[in-house]
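Q: There's a structure below that I have some questions on.
Since every read-out is calculated from the coordinates, none of them should be taken as a lab result. Everything numeric here is computed off the predicted structure, so don't read it as measured data. Quick reminder, even Gly has a Cβ in these numbers, built from the backbone with ideal geometry, and neighbours come from all protein chains shown.
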Amino acid sequence: IAVAALAVPYVAPSGSGGKSSSPQTREFYVLSTEWNMDTIPSGLNHYGFTPSEITVNQGDTVLVHFYNTHDDTHHTFTLPAYNLNVDLAPNQNQTFSFTATQAGTFTFYCSFHAPTMRGELVVLPA
């Protein structure tokens, strides 16, 4: 699967005290990743997410383009705090969005490949 661009980590505008004046749409490309097997302890899977951290402001719309880049396994983007569970077959992609209503740090993961395939959604308070 070819992807034109990856997400650049969100950085709040300078002079804003880390906060944006109004909710915005933040767009991310999230890809399944396969790690080098030599660096993974025995018994753990070798999958992850790129990027593994998504940072937005409370009230922002989060637009995610999720790509399963593998040709032999399903992956999910599961984010219980926002009631999300997107299951992708091999070599598939899906775009979805949600509003970041809750401030805090929330774990997203693949329900098939936990605990190593996980990341964090960081929602900065309004």
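Q: Separation between the residue 85 and residue 103 pseudo-spin-labels, each 7 Å from Cα along Cα→Cβ, expressed in nm?
A: With each label point 7 Å from Cα toward Cβ, the separation is 3.0 nm.
Q: Within the set of other residues whose C-beta is less than 15 Å from the C-beta of residue 31, count the net charge using Lys and Arg as +1 and Asp and Glu as -1.
A: Every neighbour counted, the sum reads -3.
Q: Let me check I've understood the local charge: for residue 68, count other residues with C-beta under 14 angstrom from its C-beta, Lys and Arg +1, Asp and Glu -1. What total comes out?
A: So the environment of residue 68 carries a net charge of -4.
Q: For residue 52 and residue 72, compute 0.36 nm times the residue count separating them, minus their Cα-Cα distance, and round to one decimal in nm.
A: 5.1 nm
Q: Further question on the same structure: So, in nm, how far is label residue 94 from label residue 126 when the simple model puts each one 7 Å beyond its Cα toward the Cβ?
A: 2.8 nm
Q: How charged is the neighbourhood of residue 113? Take every other residue with its Cβ under 13 Å from the Cβ of residue 113, and add Lys/Arg as +1 and Asp/Glu as -1. Show your work: numbers first, answer last.
A: Numbers: positive: 118; negative: 34, 72, 87.
With Lys, Arg at +1 and Asp, Glu at -1, the neighbours total -2.
Q: Over segment 69-126, what is the relative contact order in percent, taking alpha-carbon pairs closer than 8 angstrom and at least six residues apart?
A: Across segment 69-126, relative contact order equals 33 percent.
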